[in-house]
Amino acid sequence: MSQREGETNYKYEDYASEMAFHRLNQSEALVSQAFRITLESSASFVLEFVERNKVIWKSGDKGGTDWCEAVEVAPQNYFIDMTFTSEPRQSQTFIVNTVTRRVLSILTIMREGDVGREPRAVHQFSPGVLGDPAIPPTGRKPAPTRDLVGLRALYTYNPNQCFEHVYLNTQRYVWHCVVGPLRGEADVDFHTDYKFDDNQYIFCFREFGLPVSTVFFHNWDQMRETGKFFAIGEDGAIANTPAGAIIEKLSMTFYPSDKQPA
């Protein structure tokens, strides 16, 4: 399948190769630990982190040994990402707080076949609990949020790449390349935002022009973004590309109570 599904003047490889310059480092804190995760979607997972980038997992009647990574994106908060040899068009991300035991699951799927004018990628979200689900977790339950609506911010991925985001409503946002190979390029794409805790947000977008999606954790206490791109490259292969940025807030728009965006 050609990468150029829409009318774009660029390809994924034009900007994705150096997006991890400002990314937080992987953590080895979870190595030799085992997690039990139960989701509200009724799915459950047992994860055994045997090496820095290797996890033995089981979910229902499925299981395997696959690639993973864990990044501590805030104190006791981990961005856990997994890919699957048996399901290369899917990736599983968990945001986990090991103290409150709150979990947010994000499953990314690159659909096959004709998807019409929709983005090829879809995201499936489900809150969950770490450990024994009979023991209630503490803290805030992850949930969809409107907090980003009206925000205008800069995301600097490396010294030579900076993108502006404008969050128009809870469904669509504008990205605009300010510095970098795509300078001057801009588009409006789908996004979904969850609030994980105070000053902690999950931002996921699904691009129309190319088969590209993201899962990012925003830490507003540190003004850091950590996550990944999940895409189909020019060669037709799946790419799970680490990325991270320094965040600078530019402005916030406040709408009248009777004229709120979607």
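The values are calculated or read from the model by the stated rules, or taken from the named source; none is laboratory data. Values in this document were obtained by computation on a predicted structure and should not be read as measured data. Note that each Cβ is placed from the backbone with ideal geometry, even for glycine, and that neighbours are counted across all protein chains shown. Accessible surface areas use protein heavy atoms only, side chains included; no ligands, DNA or RNA. Shrake-Rupley method; radii C 1.70, N 1.55, O 1.52, S 1.80 Å.
Here is how the numbers come out for the structure above:
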read-out: The stretch 219-239, residues that are under 15 Å from Met19 (Cβ atoms) and of a type outside the set (D, E, K, R); value: Thr226, Gly227, Phe229, Phe230, Ala231, Gly233, Ala239
read-out: Matching residues, the stretch 100-121, being open to solvent by 10 Å² or more (accessible area, probe 1.4 Å), within 20 Å of Tyr201 (Cβ to Cβ) and either outside any loop (DSSP other than H, G, I, E, B) or charged (D, E, K, R) (or both); value: Arg101, Arg102, Leu107
read-out: Some residue of the stretch 126-135 being outside any strand (DSSP E or B), in contact with a Gly (Cβ under 8 Å, 6 or more places away or on another chain) and either surrounded by 19 or more Cβ atoms within 10 Å (Cβ to Cβ) or aliphatic (A, V, I, L, M) (or both); value: no
read-out: The stretch 181-194, residues that are more than 17 Å from Asp14 (Cβ to Cβ) and open to solvent by 40 Å² or more (accessible area, probe 1.4 Å); value: Val188, Phe190
read-out: Of residues in the stretch 70-99 being open to solvent by 10 Å² or more (accessible area, probe 1.4 Å) and of a type in the set (A, V, I, L, M, F, W, C), the one nearest to the chain's Cα centre (by Cα); value: Phe84
read-out: Pair list, Cβ under 6 Å, 6 or more apart: the stretch 33-54 residue open to solvent by less than 80 Å² (accessible area, probe 1.4 Å), other residue in a loop (DSSP other than H, G, I, E, B); value: Thr38/Pro133; Phe49/Leu30; Phe49/Val31; Phe49/Gln33; Asn53/Trp67
read-out: Where Leu210 falls short, out of the listed (1) surrounded by fewer than 19 Cβ atoms within 10 Å (Cβ to Cβ); (2) in contact with a helix residue (DSSP H, G or I) (Cβ under 7 Å, 6 or more places away or on another chain); value: (1)
read-out: Condition met for Thr65 (hydroxyl-bearing (Ser, Thr, Tyr) and open to solvent by less than 70 Å² (accessible area, probe 1.4 Å)); value: no
read-out: From the options Glu87, Glu72, residue that is in contact (Cβ under 8 Å) with a residue 12 or more places away in the chain and out of contact with any Asp or Glu (no Cβ under 9 Å at 6 or more places or on another chain); value: Glu72
read-out: Extreme residue, nearest to Leu168 (Cα to Cα), among residues of the stretch 243-262 that are open to solvent by 60 Å² or more (accessible area, probe 1.4 Å) and part of a strand (DSSP E or B); value: Met252
read-out: Exclusive hit being in contact with a strand residue (DSSP E or B) (Cβ under 7 Å, 6 or more places away or on another chain), more than 18 Å from Asp81 (Cβ to Cβ) and open to solvent by less than 30 Å² (accessible area, probe 1.4 Å), set Phe217, Phe205, Phe163; value: Phe163
read-out: Output for the stretch 143-160, where each listed residue is among the polar types (S, T, N, Q), more than 26 Å from Ser126 (Cα to Cα) and open to solvent by 10 Å² or more (accessible area, probe 1.4 Å); value: Thr156, Asn160
